[in-house]
Structure formats: C-alpha cells, structure tokens
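Derivation of every value follows stated rules applied to the coordinates shown; laboratory data play no part. The structure presented is a predicted model; accordingly, all values stated were derived computationally and were not measured. Note that we place each Cβ from the backbone using ideal geometry, even for glycine, and neighbour counts take in every protein chain shown.
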Amino acid sequence: MRIKHLLLLVVLLAFGAACGSQAEEIAPAETVPAETAPATAQSAPPTTAAEVSTTEVSTTEVSTTGVSTTAAEGEDPEFPATVNGVVIPEKPTAIVSMSPTATEVLFAIGAGGQVIAVDAASDYPPEAPVTDLSGFQPNLEAVASYRPDLVVISWDPGEVEAGLGALGIPVLIQTPAQSIEDAYLQMLQLGDAAGRRTEAEELVSSIREEIEGLVGEYGAPGSGLTYYHEVDDTLFSAASNTFIGSVYALFGLENIADSADPLGSGYPQLSAEYILETDPHLIFFGCALWCGTTAENIAERPGWSTLRAVAGGALVEVDDDLSSRWGPRLIEFVRLVGEALAARPPAGEQ
Amino acid sequence: MSVVVENLTAAYRPGRPVLREVGLQVDTGEWLGLLGPNGAGKSTLLKAIAGLVSHNGAVAFDGVDSASLPARVRARMVAFVPQEPTMPPGMTVTEYVLLGRTPHLSYLGSETPRDLAAARSALELLDLRGLAGRDVAGLSGGERRRTALARGLAQEAGILLLDEPTGALDIGQGQNALEMIGSVRRERPVTMITAMHDLALAGQFPDRLLLLADGRTVAEGPASAVLTVDYIRDFYQAAVEIVEVNGGVAVVPLRQGTR
Amino acid sequence: MTTGPPSGLEAVRLRWGWMGAALGLLAASALAGIVIGPAGLDPRQVIGELVGGGQTSLSETHRAILWEIRLPRVVLGGLVGGLLSLAGASYQGIFRNPLADPYLLGVAAGGGLGATAVIALIPSADPRLLPLAAFAGALAAVVLTYAVGRSMGGRSAVSLILAGVAVAAFFTALQTFLLQRNADTIRQVYSWILGQLSTTGWGEVAILVPYAAVCGTALVLHRRLLDVMSVGDEEADSLGVSSARVRGAVVVFATLATAAAVSVSGLIAFVGLVVPHTVRLVVGVSYRSLVPISAVTGAAFLILADLAARTAASPAELPIGVVTAFIGAPFFMAVLRTTRRYVA
C-alpha cells in the first residue's frame with residue numbers, strides 16, 4: 001500500500017514537474033496578462049510559473065526519500081506556522097486537499113508537489129492527484145491512510161478537524177469565500193500553510209491586476225443594469241453578499257436577488273413572478289452541468305419568453321465550477337461577465 | 001329459511017381443529033341455542049355458517065350450498081351479530097343500523113328510501129327510535145346489544161346468527177335482550193341460531209339446544225334432554241340442580257364446599 | 001318525521017351544507033391565490049382579464065405572470081392539496097387508523113425511491129415516467145408496510161405506524177445509497193424531493209389531471225364502503241363486502257393519488273393528516289362526507305399555504321412544505337387534544 005502510494009507520488013510528481021517545465025516555456029510568452037481571449041489558468045500566475053518548476057524539483061527529491069521525513073526541518077524559518085489558528089509544525093510535504101478550490105490554489109502557488117491527494121471533485125488542474133476521497137462525506141480513515149501532514153477542507157461535517165487533530169494532523173478549514181477579498185485571504189493562508197507566502201502574494205497581486213484590467217476594459221456598461229444569477233433551476237439565486245455577487249459588483253451590476261434576502265442568507269429562492277416582473281437585463285445561469293439548464297430551456301419556461309434578457313439573447317452560461325470555486329480561475333469568471341456585458345447592446349436599446 | 005350443516009370441520013391452525021365433523025339442522029322459523037363451555041367452538045360454528053371461517057363440510061340454506069353463493073347474496077340470507085361488535089365512535093345509531101343494508105346495495109351504490117325504511121323498522125322493533133341520532137360510543141351495554149341486533153335485522157336475512165346476545169349484560173338486560181329476540185321471531189319468520197353461555201336463560205328461550213364440547217356435538221334436543229346434571233357435570237365440570245320452569249328448564253349451580 | 005339530530009337518509013349522504021361551505025372556501029382561496037402575489041398586479045385588472053379572456057390593459061409581462069405562472073400554480077396547488085387530503089382520508093378509513101397519513105405509511109419514501117431510481121439509473125428517461133416510477137415505489141412501500149404491520153399483530157395503530165417507520169427508513173436508506181453511488185444526480189434528485197409548486201407551469205397540471213380525475217372519482221365512489229369497513233374486516237365480510245378487495249382498491253387509488261401528487265410537487269407535509277382530521281371534527285366521522293369534503297378543503301388549504309409561501313418572504317419563496325408543517329404541526333396537536341377518543 002505504502003509503496004504503491006510512493007510510486008504514484010513519484011509518477012505524479014514527475015508529471016507535475018513536466019507540466020511545470022512546460023509552463024516555464026509558455027510563461028514568457030504570456031507575461032502580459034489577459035491578452036489572449038480564451039484564457040486559461042496557465043496565464044493566471046505567469047510570474048510564479050518559473051518558480052513552480054524549480055521548487056517542485058526540490059520537493060520531488062525530498063519526497064522520494066520518504067514522505068514523513070522533512071529535509072526542510074530547521075531550515076525554513078517560517079515554521080512552525082500558525083494559520084487561521086491552526087498550528088503547522090513544519091513545512092508540509094504531504095498535503096491532502098479535500099477542497100477543489102484549495103487544490104487549484106495550491107497548484108497555482110507552486111505547492112502542487114507538496115500535494116499527495118485531492119478529493120474526487122478536484123478536477124483542476126489536470127495534474128492534481130485525484131483520489132476517490134469524498135469532500136462531501138469525508139472518511140477519516142481514508143484521509144489518514146495517506147499520512148498527510150496537512151489536510152485542507154472546505155467544510156467540516158462534524159468530526160474531521162477533531163478526528164484528524166487527535167492523530168496530530170493539522171486541518172485547515174477554508175469555508176466558501178463570501179467575497180473576492182475573502183478568496184484572496186484564503187490564498188494567502190494557503191501560502192502560509194504550504195510555506196509559499198511569496199508565491200501566494202504574487203498570485204493575489206497578479207489576479208488583482210488582471211481583474212483591474214478587465215474591469216477597466218468592460219466596466220462602464222455595467223452601471224444601471226440589473227442581473228439575475230441562477231444558482232439552480234429551482235430559482236435559487238446569489239445575493240450581493242456572496243462571492244458570486246462580489247464578482248458582478250465589480251462591474252456595477254445591480255443584483256435583483258438582494259431585495260429577496262433581507263436576512264442576508266446570501267442564497268434566496270426567488271419567485272418566478274418576481275423575476276418576470278423585475279425583468280433583469282442579464283441572466284447568468286450557473287447550473288448547466290448539474291441541472292442541465294440551457295438558454296433554450298430557460299426560454300421555454302412558462303412566461304419567460306417575455307423577458308428582455310431572453311428576447312435579447314442576454315442569457316449567459318457560467319460554468320458550474322467557475323461560480324462555485326473561489327480560486328485562481330475567478331479571473332475567468334470575471335472575464336466571462338465582462339465579455340457578456342460587452343456583447344450585449346448598449347443599455348438604452350433594451 | 002332452513003339451515004343444514006354436515007360434517008363441518010374447521011381449524012385456525014393445521015392439525016388443531018376447532019370443530020370436528022359437526023352436523024346440525026334448523027328448520028325455518030326455528031330457534032336453536034348453541035351451548036358449550038368456553039372454547040367449545042360455538043363462535044367458530046356461527047362464523048363458519050356465515051361463511052366467515054374457511055372449513056370443510058357442507059353448509060346449505062334452503063338446500064342451496066352456501067359455498068356456491070356470492071358473498072353479497074349469502075349476506076342477504078344470513079346475518080351475523082358478533083359477540084363484541086365494532087361500533088365506530090362518532091357514528092349515529094341510524095348510520096350504524098343502515099350498515100346492515102350493505103348486502104342490498106351494489107358495490108358503489110348508496111341507500112334508497114327503501115333501505116331507510118328497513119332500518120327504521122328494525123329500530124322500531126327494538127325500541128331504539130329515541131336513540132336514532134345518538135353517537136354509538138355513548139350507548140349503554142344493553143343499548144349496544146340492541147343496536148347491533150338492529151343492524152342484523154336491517155339486513156333482512158332469513159337466518160339470524162347471534163353470538164352471545166346476553167354477553168356482558170346484567171340479569172335484567174339479558175332477559176330483556178332475549179325477550180326482544182323472541183318478539184322479533186313473532187314479527188318475522190326468521191330462523192335463529194344463538195350461542196349462549198347463560199344456562200338459566202338457555203333452557204327457556206330457544207326451541208331446541210345443541211351442546212358442543214371440544215368441537216364436537218355431544219347432545220342435541222329439547223332443553224330437558226340437553227341440560228341434564230350429567231352432561232353439565234361432564235362438560236362444564238359443574239355441580240348443578242335442574243329446575244323446571246315455564247315449560248323449560250333452568251340450571252342452578254350448587255355450592256360444593258361446606259358453608 | 002325525523003326529530004333532533006340527523007336520523008334519516010341525510011345522515012348517510014354527503015352533507016351538502018358543509019360541502020357548499022368547503023366549495024366556497026375553495027373559491028375564495030383560489031381567488032386570493034390568483035389576485036395576490038409577489039408581482040403587484042392590479043386585482044381589478046386581473047379579474048377583468050379572467051372574465052374578459054385577455055382583453056385588458058395588463059402588460060404582456062403581467063399577462064404572462066397571470067396566465068403562465070400564477071394560474072397554473074393555483075390549479076396545481078388545488079390538485080395536489082386535494083389529492084393528498086383525499087388519500088389521507090382514505091388511508092385513515094381503510095386502515096381504521098386516524099393517524100394514518102400518506103407519508104406515515106412509507107408512500108413518500110417509496111415514491112422518492114422510485115423517482116430517484118429513474119433519475120439516477122436512467123438519465124435519459126422521459127420526465128413523464130417520474131409519476132409512474134414514484135407510483136411503483138409508493139405502492140411497494142405501502143404493500144410492505146401493510147405486510148410488516150400485519151405480521152407484527154394485525155392492523156392496530158401502533159403496529160402499522162411502526163411498520164411504516166421501518167419501511168420508510170429502509171426505502172430512504174436505499175434512496176440515499178443510490179444517491180451516493182450517483183453523486184452527479186444528487187442535485188436533480190434533491191430538487192425533486194424538496195420540489196414545490198414554484199417552477200411549475202401548465203405542463204405539470206396536465207400530468208396531474210388524469211390521476212386526479214381517476215383517483216378522485218374512484219375514492220369518492222368508495223366512500224360508503226369506507227364506512228362499512230369501519231366495523232372491521234370480519235363484520236364487513238359478514239355484510240357481503242369483500243374487505244380485502246375494498247382495501248386493495250382503496251390502497252391502489254390512494255397510493256396513486258399520493259404518488260402523483262408527490263411526483264410533481266415533492267413532499268408536502270401534514271396536508272393528508274391535518275385536513276381530514278379537521279374536517280372530521282366538523283362534519284362527523286362518516287366517510288360519505290369526509291372523503292369529498294376533505295378533498296375540497298385540502299385543495300383550498302394548499303392554495304392558501306402556497307399563497308403564504310409565495311408572499312410571506314416576497315420576493316423570496318419559502319418551501320411550501322415548511323409552510324404546511326409550520327401551520328399543520330401545532331394545529332394537529334390542538335386537534336389531537338380535542339379528539340383523543342378517536343385516536344384511542
């Protein structure tokens with residue numbers, strides 16, 4: 001079992017290193033962010049990409065000599081580190097990420113080599129060591145069998161933190177971000193936890209810059225426009241006080257869900273009548289994959305054909321993962337919104 | 001309407017027969033009293049005649065094999081009044097008595113004035129008119145008996161099977177109930193079989209008696225032939241004295257120990 | 001002729017006075033449901049639109065809201081409420097158990113399992129299969145509940161309810177297992193389980209109408225037999241009624257009614273229990289009145305509950321099951337306090 005894991009690790013690390021070197025080759029071509037339209041995450045951390053490959057090589061050496069021993073012991077002055085109240089005694093080399101967002105962040109800050117397992121839903125980046133661990137119903141034994149020195153989860157159904165804590169495994173809980181700033185904070189936390197503070201800071205500032213650029217490019221048309229973001233096909237929506245809402249707020253869009261959420265739960269279920277009467281300028285739907293929502297079946301909903309967003313073609317699909325993860329790919333989410341704004345006719349015409 | 005039972009055997013569990021090859025005959029308009037100690041099979045015999053218990057052997061009404069009759073047709077010939085009838089709380093006496101009309105209605109049909117008239121006449125016969133609108137849950141023991149009997153009468157069947165019609169009644173109520181049943185017989189040509197436990201009354205009301213013990217017929221005939229000191233000692237394990245009364249007999253238990 | 005309380009045929013016939021009151025309540029609820037809503041439609045215009053068949057000054061949007069969202073929702077609420085109450089009243093009669101409600105016997109869990117199996121195992125299935133699958137699961141659950149209850153000792157309230165609890169737990173476990181094995185369908189299944197009247201249009205009304213027509217007719221026709229059944233199986237048999245056949249027929253139609261309602265609206269609690277109980281308090285225990293009046297009252301109740309679900313937190317929606325449980329649970333406790341004799 002152990003040997004199998006080690007083998008897997010070596011293979012994955014080799015794969016990761018290969019990707020890293022690829023990124024190194026690509027990176028110089030993309031040092032100016034957000035130029036090419038079909039952006040991918042590879043363009044996100046351009047400045048860190050070079051470092052990714054170099055540091056990963058060193059971790060590969062460390063890992064192959066043994067997962068539980070750390071060559072960095074005593075060398076890294078940042079450890080033991082206290083992150084969000086969690087004490088991490090030494091620089092982790094065997095991280096289990098049970099959160100798809102954390103997985104994306106860890107890889108983006110060059111800590112991919114320190115990650116030995118990610119949960120089944122962590123499908124990005126492709127080189128992440130996917131396992132059948134469930135982030136919804138974490139199995140303590142399964143997690144512990146990886147002998148992790150750090151576990152990241154996005155929610156604790158009850159006993160993960162205490163159970164793994166009893167085994168001496170630090171657990172970092174990163175609950176869903178409520179805003180973009182929240183997302184940045186979590187990226188920096190992961191930087192601290194993985195001993196990659198600098199890379200995390202660079203990631204955050206590059207995302208900031210890129211978002212500023214996108215908002216500058218598309219920002220103006222947003223003001224005075226209303227939107228409805230559909231979380232699922234039973235008309236649950238996301239209010240402005242959510243991560244999703246904070247993305248739209250960048251462009252000055254007005255959220256029709258806010259008045260339905262006086263208690264600030266963040267995710268009110270809207271009445272169909274209200275949506276029809278409010279007649280938002282833009283409709284974003286974030287449940288194409290899971291609910292099978294399409295622009296066509298939105299238009300077929302009873303009464304919805306009268307909406308100007310339907311008539312004007314302002315129905316925008318937001319990839320399920322983009323709107324439900326608050327990691328480095330939030331740039332893509334921002335870009336999608338910006339492009340949707342640019343694509344629709346000027347405000348006066350609808 | 002006559003009843004003929006031949007070789008009737010019934011068992012609730014295989015190998016444990018409750019009735020063993022019982023035979024009997026009751027002529028039209030006759031009243032047969034079924035006697036026997038507890039567990040002798042009186043109730044089971046009544047239910048078997050009513051077609052409610054599966055059995056071997058033949059039951060015929062006016063020569064027609066009961067097994068060949070649809071349940072609804074059979075229910076128009078035989079009315080069965082159980083020992084402890086279920087009376088749903090909240091139901092009025094009239095509603096309850098009208099249930100007796102069920103075999104006269106089609107599956108999804110409903111009552112007609114003719115059915116109401118039958119129920120009314122049954123209520124009248126049993127002196128229940130004053131209770132017609134009462135909740136059955138609020139009736140006294142005697143009133144419950146009469147109400148249950150009224151449902152049986154409303155069924156307008158030629159054969160009336162009564163299981164312990166005086167059960168749980170005091171001496172006055174019991175006597176009254178049997179007087180009522182006797183008066184019904186004067187009004188209508190109804191054949192009756194009643195399971196009875198009160199041997200003081202059993203010797204005076206039915207025309208004929210049949211003594212069951214352990215699922216078998218052990219004696220049959222007029223009261224004076226069935227209610228004898230020997231039979232009662234053998235099958236009830238009781239020491240009694242037989243008193244002749246009113247052209248019938250009454251059984252009086254005798255104390256055995258010294259005073 | 002007759003004196004005092006009902007002693008004539010009117011005692012065993014549908015009590016039209018109460019039926020009229022129930023129909024009046026239904027009409028009033030429907031009108032309120034149509035006129036009131038999150039979108040501020042002018043009531044006079046709405047009524048004009050309904051009466052005039054579309055020749056009014058309502059805007060296109062408001063017209064769409066009225067005809068395509070509000071109206072089908074009111075009709076659907078009425079159908080679902082009616083079916084659940086009808087099924088509840090019938091179950092109570094046929095099991096001679098005033099605590100029997102469609103969900104207590106595992107119908108909901110069975111229906112949920114049936115629908116989940118279709119969604120999880122046959123992703124390409126026609127959505128119109130859902131009611132059928134829900135029906136199959138529901139029927140299996142009821143049959144199992146009944147069999148288990150019998151084996152535990154007859155049809156007493158306790159053994160039946162315990163059997164229902166056990167069967168519901170078993171079916172729910174199977175459903176959860178299916179969901180875990182097919183995690184990608186969880187969302188779709190949950191939206192069905194927690195489903196409500198909110199995203200529905202005429203399509204779901206069309207699915208439900210045939211079931212409502214068949215089950216409604218069948219159960220209303222069986223109401224006299226439910227009275228006969230109230231004296232127990234043996235006595236019902238002695239009256240020439242085949243209690244097994246009547247029970248079979250009523251269980252099939254009541255289960256079909258519940259499954260159809262559940263399949264388009266999800267699990268709406270307490271309607272099938274509270275409405276027949278309340279109606280029984282007012283119109284008496286005879287199922288001749290209880291069954292049809294419960295159906296009409298249940299329709300009115302659910303339309304009103306849905307009105308609350310739509311408007312209480314407007315423009316947000318509350319799950320209607322939450323509203324019915326919120327009203328139903330305390331109300332039911334009050335009803336139980338006053339009707340202990342029926343439960344004993």
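Assorted remarks:
- Selected from B:L35, B:L169, B:L45 as most flexible by GNM, with chain B as the system and alpha-carbon contacts under 10 Å: B:L169
- A crude spin-label estimate for the pair A:D279 and A:R308, with each label 7 Å from Cα along the Cβ direction, gives 0.7 nm.
- Count Lys and Arg as plus one, Asp and Glu as minus one, and take only other residues whose Cβ is under 15 Å from that of B:A11; the net charge is then +3.
- For segment B:211-254, the residues whose amide N sits under 18 Å from a probe point set 7 Å from the Cα of B:D27 along the beta carbon direction are B:220-225.
- Amide H contacts under 5 Å for B:T217, placed H, 5+ residues apart: B:G23
- Table column - 3J(HN,Hα) (Hz), segment B:225-236, Karplus curve with 6.51, -1.76, 1.60, x for Gly and Pro: 8, 9, 8, 10, 4, 5, 4, 5, 5, 5, 9, 9
- Hull-based mean projected area of segment A:219-349, where the convex hull spans the alpha carbons, in square nanometres: 7.2
- Cα pair count fraction exceeding 18 Å, expressed as % - segment A:167-265: 59
- Highest to lowest packing among B:147-158, C:318-329, B:58-69, C:164-175, scored as the average C-beta count within 10 Å: B:147-158, C:318-329, C:164-175, B:58-69
- Neighbourhood net charge (15 Å Cβ-Cβ; Lys/Arg +1, Asp/Glu -1) for C:A312: -3
- Beta bridges per DSSP with both ends in the protein assembly as shown, % antiparallel, nearest 5: 45
- Once both labels are positioned 7 Å from their Cα atoms along Cα-to-Cβ, the gap between C:L31 and B:A60 label points is 7.0 nm.
- Cβ-based net charge around B:L125, under 9 Å, with every Lys or Arg adding one and every Asp or Glu removing one: -2
- When you count the other C-beta atoms within 10 angstrom of each residue and take the mean per peptide, A:318-325, B:89-96 line up highest first as B:89-96, A:318-325.
- For segment B:59-107, the convex hull spanned by the alpha carbon atoms encloses 103 Å³ per residue.
- Cβ-Cβ FRET estimate between A:D258 and A:E201, R0 fixed at 30 Å, reported to 0.05: 0.35
- Taking chain C and dividing mean pair separation by its residue count, relative contact order in percent (alpha carbons under 8 Å, at least six apart): 30
- Over chain B, relative contact order from alpha-carbon pairs under 8 Å, at least 6 apart, %: 24
- Per-residue HN-Hα couplings for segment B:134-140 [Karplus 6.51, -1.76, 1.60; θ = phi - 60°; Hz; x = Gly/Pro]: 6, 6, 4, 5, x, 7, 7
- Taking segment A:214-290 and dividing mean pair separation by its residue count, relative contact order in percent (alpha carbons under 8 Å, at least six apart): 41
- Per residue of peptide C:72-80, the mean number of Cβ atoms on other chains within 10 Å of the residue Cβ is 1.
- Label-point separation, A:A299 to A:E78 (7 Å along Cα→Cβ), nm: 5.1
- Amide H contacts under 5 Å for B:G57: B:T9, restricted to partners 5 or more places along the chain or on a different chain, H placed in the peptide plane at 1.01 Å from N.
- Between B:V229 and C:A244, the C-beta separation translates, for a Förster distance of 41 Å, into a calculated FRET efficiency of about 0.30.
- Residues of segment C:90-112 with amide N under 17 Å of the 7 Å Cα→Cβ point at C:A166: C:104-107, C:110
- As a proxy for reagent exposure, C:L267, C:L197 were ordered by neighbouring Cβ count within 10 angstrom, fewest first; the result is C:L267, C:L197.
- Centroid-to-centroid separation of segment B:165-192 and segment A:189-229 [C-alpha atoms, Å]: 96
- Ranked by the mean number of other Cβ atoms within 10 Å of their residues, highest first, the peptides C:219-227, C:291-299 come out as C:291-299, C:219-227.
- Per-residue average of Cβ from other chains inside 10 Å of B:94-106: 5
- Contour excess over end-to-end distance, with Cα ends at B:R13 and B:A71 and 0.36 nm allotted per residue: 18.5 nm
- Evaluated at q = 0.08, 0.10 Å⁻¹, the base-10 log of the normalised Debye intensity for chain C, with identical point scatterers placed on the Cα atoms, takes the values -0.39, -0.60.
- Relative to its residue count, the protein assembly as shown spans a Cα convex hull of 222 Å³ per residue.
- In terms of its alpha-carbon gyration tensor, segment B:3-253 comes out oblate; a/c meets the 1.5 threshold, while b/c is at least as large as a/b.
- Helix-only CD estimate at 222 nm, as mean residue ellipticity for chain C, using -39500 (n - 2.57) per DSSP H run (n ≥ 4): -23500 deg cm²/dmol
- Take each residue of peptide C:220-227, count the partner chain Cβ atoms within 10 Å of its Cβ, and average: the result is 4.
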